[in-house]
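K.L.:
Sharing a structure with you now.
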Amino acid sequence: LVTDHGQANTKAQSVAQSINVTPATEPNAKQKKDYDKMSKLSGAAFDKAFAQHMVADHKKDIAAFQKETKSKNPQVAGFASETLPTLQKHLQTAQSLQKGGASAKQ
């Protein structure tokens, strides 16, 4: 997850710069709240909350990226199309984790 998201973030920053958009430099209020909530958990409670969050977040991201594949800006559409398969793979992994399955090392 870390490697894939790091690479996608680098590419997203490049696309944003090329279309004169300034990306966020820190988490938004909801992301900070989610972090604060999970930082107080450990063990099975953390695992359950993390997997649940990853499933919901990846579903939301996939919907947004699917919409952007139709963007009139070819750089945005290309980035969204290029990133979707990885997001879908991450969703499958998160769903597996939520059911008590696979490892999160992807």
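K.L.:
Under a straight-distance cross-link criterion of Cα-Cα below 20 Å, which aspartates and glutamates are reachable from LYS33, leaving out those fewer than 8 residues away in the same chain?
P.N.:
Here the aspartates and glutamates satisfying the reach criterion relative to LYS33 are ASP47, ASP57, ASP61.
K.L.:
Multiply the residue separation of SER42 and GLN13 by 0.36 nm, subtract the distance between their alpha-carbon atoms, and state the gained length in nm to one decimal.
P.N.:
7.2 nm
K.L.:
How big is the chain by the Kirkwood estimate over distinct Cα pairs, in Å?
P.N.:
Final number for the Kirkwood radius of the chain is 15.1 Å.
K.L.:
Sticking with this one: Once you wrap a convex hull around the alpha carbon atoms of the stretch 30-77, what is its projected area averaged over all directions, in nm²?
P.N.:
Across all orientations, the stretch 30-77 yields a mean hull projection of 4.0 nm².
K.L.:
Okay, next question. Where a Cα-Cα gap under 14 Å defines reach, which aspartates and glutamates qualify for LYS70, not counting those fewer than 8 residues away within the same chain?
P.N.:
Of all the aspartates and glutamates, those that pass the test against LYS70 - Cα under 14 Å, at least 8 places apart if same chain - are GLU82.
K.L.:
Next up: Tell me what the chain gives for mean residue ellipticity at 222 nm when only DSSP H runs of n ≥ 4 count, each as -39,500 (n - 2.57), the sum divided by the residue total, rounded to 500 deg cm²/dmol.
P.N.:
Working: 4 runs with 79 residues, N = 106.
After summing the helix terms and dividing by the residues of the chain, the value is -25500 deg cm²/dmol.
Each reported figure results from applying straightforward, stated rules to the coordinates on display, with no laboratory input. Fair warning: this is a prediction, and the values are worked out from it, not measured in the lab.
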